[in-house]
Amino acid sequence: MGLALHKTIAEIRELPATEFRRWQIYEMIEPFGFPDREYRTAAMLTMTHNVNAKKPKKIKEFYRDMPREIVAAVQREISSLEYLDRLEEMTPEQRREHIRQKARSIFGA
């Protein structure tokens, strides 16, 4: 909501409860921000595809499920931090050997 209203989190927190609730209701009636842009983009992609394709697609095939993608990105970040913690617990020789093995598995050497 802060992005749509061009306000900081502190300014949003200072809004009277009634005004904040009015903005919430307005957003329900007339969506703004990220979900609305995602939907419009998916609708345009669907229309462009369907005009040029033999097999039409539906909007949901182009619409990104961002809450799910954000959760997945956070989980990847947490697992990478846990991985770094495990690396820090290794001795320098163990770390070098681990990195060598990882490189071999990635590059097939």
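All of the numbers you see were taken from the coordinates with simple rules; none came from a lab. As the structure is a computational prediction, the values presented were derived from the model and not from experiment.
So how tilted is helix 34-52 from the main axis of the chain? Cα-based, degrees 0 to 90, rounded to 10.
90 degrees
Show which aspartates and glutamates lie in cross-link reach of Lys7 when reach means a straight Cα distance below 15 angstrom and same-chain residues fewer than eight apart are skipped.
Partners within reach: Glu19.
Starting from the amide H of Lys57, placed 1.01 Å from N in the peptide plane, find each other amide H under 5 Å away whose residue is 5 or more places distant or on another chain.
Long-range HN contacts for Lys57: Asn50.
In degrees between 0 and 90, to the nearest 10, how far off the longest principal axis of the chain does helix 66-89 point, with axes built from Cα atoms?
Orientation of helix 66-89: about 20 degrees from the principal axis.
Apply the Karplus parameterisation 6.51 cos²θ - 1.76 cosθ + 1.60, with θ equal to phi minus 60°, to every residue of the stretch 2-15 and state each ³J(HN,Hα) to the nearest whole Hz, in sequence, with x for glycine and proline.
These are the phi-based 3J(HN,Hα) values: x, 5, 5, 8, 6, 10, 7, 4, 4, 5, 5, 5, 7, 4 Hz.
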